[in-house]
Amino acid sequence: MRIALYQCPPLPLEPAANLERLGLRAAEAARRGAALLVTPEMYLSGYNIGLEAVDGLAQPADGAWAEAVAAIAREQGIAIVYGYPERAAQGGLFNSVQLVDATGQRVGNYRKTHLFGELDHGMFSAGGDEYPLLELDGWKLGLLICYDVEFPENVRRLALAGADAVLVPTANMEPFDFVCDVLVRARAFENQCYLAYANYCGAEGEIRYCGLSSVSAPDGSLTAVCGREETLAFADLRRDLLEKSRAAVTYLQDRRAELYRPLV
Ligand SMILES: NCCCCC(N)=O
């Protein structure tokens, strides 16, 4: 399955402009054979926008933004994973991502469980014990958001549940380039899955984003890697490579879970 990552500078507080460029990039990605397009974290609203703006912009998972993204997905014939501020029906604001398939159906929604510093804690509640495992074109997909991927337990949990790939919309900033350069690649290898990391580039207020988006393969290779500029990157997820790697690297089978329990 070919996937596309959209590495872009944020357009904070401009959901209409973000939807417009999403449509353009979705069309380009579909033309170039991608079945799925992944955007950065909080793509529709911008990330470093503060509680007042999040409270004013947040929408339910099935709100107008979801309908607009579904229309783009349906029109261009491509699935989309996008970040947005979610207002839960029972109240509460969450940093969320949603997968919409190429027919415009909402496939699954995930709320960021590991909040980063005052930046996240000042805007959102943490998601609960819900890590959806979604299916698209025969691939089992997990969703995480930026800081989530820096906790090995999160990727391991999805891998043990059967994830072939973990999709990670991100807003990772300087000085955390190491996460882009090393950590996400290690997460893919140690869990024998693909890992797609779609980051911002450019700046948002005092934040300077790293860019360096990538798709890491389970054999440790980089299937796609971006620099620090706006980029639409492509990667082919290969079932033969996944199976060959899993036959050679058997961490998941060799685990001694009974020895790890005190770590939980
Ligand atoms: N790598 C630490 C920064 C994480 C930022 C975020 N958006 O979670």
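Computed from the coordinates by the stated procedures, all read-outs in this text should not be read as laboratory data. Fair warning: this is a prediction, and the values are worked out from it, not measured in the lab. Neighbour counts run over all protein chains shown; Cβ positions are idealised from the backbone, glycine included.
Before moving on, here are some points about what is shown:
- Residue that is nearest to Arg239 (Cα to Cα) [pool: residues in the range 152-193 that are assigned to a helix (DSSP H, G or I), more than 10 Å from the ligand (Cβ to nearest atom) and of a type in the set (Asp, Glu)]: Glu190
- Selection from the range 68-104 of residues that are in contact (Cβ under 8 Å) with a residue 60 or more places away in the chain, among the aliphatic types (A, V, I, L, M) and closer than 20 Å to Leu119 by Cβ: Val97
- Within the range 1-21, the set of residues being closer than 25 Å to Lys140 by Cβ and of a type in the set (A, V, I, L, M, F, W, C) comprises Met1, Ile3, Ala4, Leu5.
- Test: residue in the range 100-110 that is over 16 Å from the mean Cα position of the chain (by Cα) and among the charged types (D, E, K, R): no
- For the range 133-151, filtering for residues that are buried (at least 21 other Cβ atoms within 10 Å of the Cβ) and in a loop (DSSP other than H, G, I, E, B) leaves 2.
- Among the residues of the range 170-200, those identified as within 13 Å of Pro10 (Cα to Cα) and in contact with a Ser or Thr (Cβ under 8 Å, 6 or more places away or on another chain) are Thr170, Ala198, Asn199, Tyr200.
- Members of the range 194-213 found to be in a strand (DSSP E or B), surrounded by fewer than 24 Cβ atoms within 10 Å (Cβ to Cβ) and not aliphatic (A, V, I, L, M), listed by number: Glu204, Arg208
- Yes/no for Gly23 being assigned to a helix (DSSP H, G or I), among the small types (Gly, Ala, Ser) and closer than 20 Å to Phe234 by Cα: yes
Rundown of residues vs (1) of a type in the set (D, E, K, R); (2) in contact (Cβ under 8 Å) with a residue 40 or more places away in the chain; (3) out of contact with any strand residue (DSSP E or B) (no Cβ under 8 Å at 6 or more places or on another chain), yes/no style:
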residue: Ile3; (1), (2), (3): no, yes, no
residue: Tyr6; (1), (2), (3): no, yes, no
residue: Glu14; (1), (2), (3): yes, no, yes
residue: Leu19; (1), (2), (3): no, yes, yes
residue: Ala29; (1), (2), (3): no, yes, no
residue: Leu37; (1), (2), (3): no, yes, no
residue: Ser45; (1), (2), (3): no, yes, no
residue: Ala53; (1), (2), (3): no, yes, yes
residue: Gln59; (1), (2), (3): no, no, no
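- Condition broken by Ile207, with the remaining ones in (1) closer than 19 Å to Ser45 by Cα; (2) within 19 Å of the chain's Cα centre (by Cα) satisfied: (2)
- Condition broken by Glu41, with the remaining ones in (1) free of Cβ contacts under 8 Å to residues at least 24 places away in the same chain; (2) in contact with a Cys (Cβ under 6 Å, 6 or more places away or on another chain); (3) of a type in the set (Asp, Glu) satisfied: (1)
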